[in-house]
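One structure is given below, encoded as structure tokens.
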Amino acid sequence: MSDNLVTITVDDQKITAPVGSYLLPACLENDIYIPNLCFLEGMDDPPASCRLCLVDIEGEAVPVASCRYRIFAGMVVTTDSEEILKLRQLAFRLLVSTNDGSCRTCIANHGCELQKIAKFLHQPLKTKRLRHIDREYPELVDNHPFLVYEPKKCVLCGRCVHVCGQLEKGYKLDFANRGMDTIVSFFSSDSDPASHDCETCLACTEVCPVGALSSKVKWTSFVAELEMKSAQKHKGGQG
Amino acid sequence: MLDQLLAALNETERAAVDEEEYQILQAVVDELPAFSHEVSQLIPILQEIQGKHGYLPRLALDMVADHVQTTIGKVYGIATFYNQFRFNPPGRNPIKVCLGTACHVKGGEILLENFERRLQIKVGETSDDREYSLERVACIGCCALAPAVVVGEKVEAYVTPSKVEGIITEIEVRNEMAAREQAKNDATSE
């Protein structure tokens, strides 16, 4: 492995990384942050669907998605040009234009990757430059015994679908419908024996970059706490 | 196999499987062995089931998943991706609202909403009495008649929201007349 290491240049910084591996994880390991939502370490075939990890590579005519670009010796990468920033900002605005953006009541508040990226790209979480589209989703899907899903918060990155597919029993989670109606859906009820593995697995909730998929136990206590807080506030206001 | 699947359902889900659906599922059990177990057969199998029985019952998807050795998630994902597949039995009067480019521009979306409100069903659903089902289609090739709606086999041209009521009334009148005719015939034959 070690003799496969090559040196590449990223924003005037020299880093070493294994040749042929993807560029995005190499940058992240060297503390060069590139925003990303759909990539997960160890993916063989990244979907490159979020379009937030675009970078410029010398010799490439157009910006490329770094999560799918393989490292070669002597490559020169630019991650912080004006053009790249603009492209990423546009991708981000498109993402949040269908997102409900109610951070204060969200379980992922402060731990949300969308918030982190918004800060990094200097973009508001509620964009004014694109028309907001309220997707016709239910607020909450809780027919699974151990998971809850809030479709309006989902960015459809596909991380959960990926990790669920990696498991031996495979694919409880998958995308359903298409286009604007795409939704992540799970296909188990209490009586389905396979879903009992979910109780201890919860891998999908751990990789969710936002607050869309959560463990039912955690979510229930979070909502209870939220209600308590608002009740206290209300009381305080009166008194 | 079918009994196993039924046993895995919860109470309400099992109650929802009526005699007719059970018959279909039984037929699907017999039809499946004709197909190979390749996952590439997934869409042909779904098409065959829908072609024969008019729609894809939920449990049939489970059976197909088992047959091609994939998961119900994947089958459902694919079946919902294509407009071709439906999950409710078709109505006696399938109403297809065209939302191709021309009809879209001419307000097909509004017509769809009107039908949804009038029939109290959502697109892709069938009314409880199985009289109507509502679908959206991409283009029926009648762009010059936009916005167009296909009721059964008949193309309705230049449809406006005010015509929606008329289309439904026409079907109701036709049904009523057929029912009276039937009654008259019954009376004379007795």
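None of the figures in this text is laboratory data; all of them are computed from the coordinates on show. Note that the coordinates shown come from a computational prediction; the quantities given were computed from them, not determined experimentally. Methodologically, a virtual Cβ is constructed for each residue, glycine included, from the backbone with ideal geometry; neighbour enumeration extends over all protein chains shown.
Some observations on this one:
- Relative contact order (%) - chain B, alpha-carbon pairs under 8 angstrom, separation at least six: 16 percent
- Average Cα contact separation per residue, segment B:2-81, under 8 Å, 6 or more apart, as relative contact order %: 29 percent
- Electrostatic dipole magnitude of chain B [Cβ: Lys, Arg +1; Asp, Glu -1; Cα centre; debye, to 20]: 880 debye
- At 1.567 mPa s and 4 °C, Stokes diffusion of segment A:1-77 via Kirkwood alpha-carbon radius, µm² per second: 104 µm²/s
- Segment B:93-164 - Rg over Rh from alpha carbon coordinates, Kirkwood radius: 0.94
- Once each of the trypsin sites (Lys or Arg not before Pro) sitting in a DSSP loop with at most 10 other beta-carbon atoms within 10 Å is removed, chain A keeps A:1-127 as its longest stretch.
- Here the extension length gained between B:Gln84 and B:Glu165 equals 26.5 nm, from 0.36 nm per residue of separation less the Cα-Cα distance.
- Its relative contact order, with pairs defined as Cα atoms under 8 Å and 6+ residues apart, puts segment A:2-80 at 38 percent.
- Per-selection Rg to Rh, chain B - Cα, Kirkwood hydrodynamic radius: 1.05
- Fluctuation leader among B:Glu31, B:Glu20, B:Glu156 - chain B, Gaussian network, Cα springs under 10 angstrom: B:Glu20
- Comparing A:Ala224, A:Ala118, A:Ala26 in a Gaussian network model of chain A, where Cα atoms under 10 Å apart are tied by springs, the biggest mean-square fluctuation is seen for A:Ala224.
- Three-way shape call for segment A:28-133 based on the alpha-carbon gyration tensor, with the a/c threshold at 1.5: prolate
- Residues considered: B:Val155, B:Val137, B:Val173. Largest GNM mean-square fluctuation over chain B, using C-alpha springs under 10 Å, is found at B:Val173.
- Quotient of the Cα radius of gyration of chain A and 2.2 N^0.38 Å, N being its number of residues: 1.14.
- With at most 13 neighbouring Cβ atoms within 10 Å, loop GluC sites (Glu not before Pro) (DSSP) excluded, longest segment of chain A: A:61-135
- Shape category assigned to segment B:2-81 from the gyration tensor of Cα positions, a/c cut at 1.5: prolate
- Cα gyration tensor shape for the protein assembly as shown, rounded if a/c is under 1.5, else prolate or oblate: prolate
- Per-residue ellipticity at 222 nm computed for chain B from its helices equals -17000 deg cm²/dmol, with DSSP H segments shorter than 4 residues left out and the rest contributing -39,500 (n - 2.57).
- Annotation: extensible slack from A:Met228 through A:Asn30 equals 67.0 nm (criterion: 0.36 nm per residue apart, minus Cα-Cα distance).
- Mean residue ellipticity at 222 nm, helices only, chain A: -9000 deg cm²/dmol; runs of at least 4 DSSP H residues each add -39,500 (n - 2.57), and the sum is divided by the number of residues.
- Hits among aspartates and glutamates - C-alpha to C-alpha of A:Lys233 under 15 Å, sequence gap 8 or more where chains match: A:Glu225
- Whole-Å distance, taken between Cα centres, linking segment A:78-143 and segment B:1-53: 41 Å
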